[in-house]
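Everything below concerns the one structure shown next.
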Amino acid sequence: MKIADILDNKGSTVHTVLPWLTVAEVVERLGRHGIGAVLVCDENHAIQGIVSERDIVRALRKHGAQLLTMPVSEVMTRYVQTAGPDETVAHAMARMTAGRYRHLPVLEHGKLVGMVSIGDLVKHRVREMELETGVLRDALISRY
């Protein structure tokens, strides 16, 4: 199964913010949309970084309440791993687990076409395993 299959079900919506927005504005957006991360892009839609709830919590520990007035560019993760739509779910899961990141923007020919989370991949894998279990159970029952 490929990342494109997950995007077919999930959709291609990706939430982005500009680097000069404050952390408070980003926190509000994360909460309003019920998401765990946003991409930080410049005005040409080029990815500059990613900021997750985890980034914000770590920055809060370091900067305290003044964090909320800082630009998100000060707390974002600058090196963003990406995937292509043809990457397998298993490979993406392995990379995300090894790199300890939870969100993976999907690029096709350099264009942002979606974003998947580790939760999306796990959910998909659980459904695959349930299907495999059902097929094996049916095959076993049909033998008797």
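Where in the chain are the helices, taken as whole DSSP H runs, whose Cα atoms extend 18 angstrom or more along the long axis and whose Kyte-Doolittle mean reaches at least -0.5?
Span-like helices here: 118-143.
Provide the percentage of antiparallel DSSP beta bridges, counting only those with both residues in the chain; round to the nearest 5.
Approximately 80 percent, going by the DSSP bridge assignments.
So which lysines pass the test for Lys10, namely a Cα distance under 22 Å, with those fewer than 8 places away in the same chain ruled out?
Straight-line reach from Lys10, under 22 Å: Lys2, Lys111, Lys123.
Quickly work out the Asp8-to-Leu131 label distance, labels modelled 7 Å from Cα along the C-beta direction, and quote it in nm with one decimal.
0.9 nm
From the square roots a ≥ b ≥ c of the eigenvalues of the alpha-carbon gyration tensor of the chain, which class results: rounded (a/c under 1.5), prolate (a/b over b/c), or oblate?
In terms of gyration-tensor shape, prolate.
Tell me, Met93, Met129, Met115, Met70 in order of fewest to most beta-carbon neighbours within 10 Å?
Placing the least packed residue first, the sequence is Met129, Met70, Met93, Met115.
Readers should treat all values here as calculations from the given coordinates under stated rules, not as data from a laboratory. The structure displayed is predicted, hence computed values, not measured ones. Note that we place each Cβ from the backbone using ideal geometry, even for glycine, and neighbour counts take in every protein chain shown.
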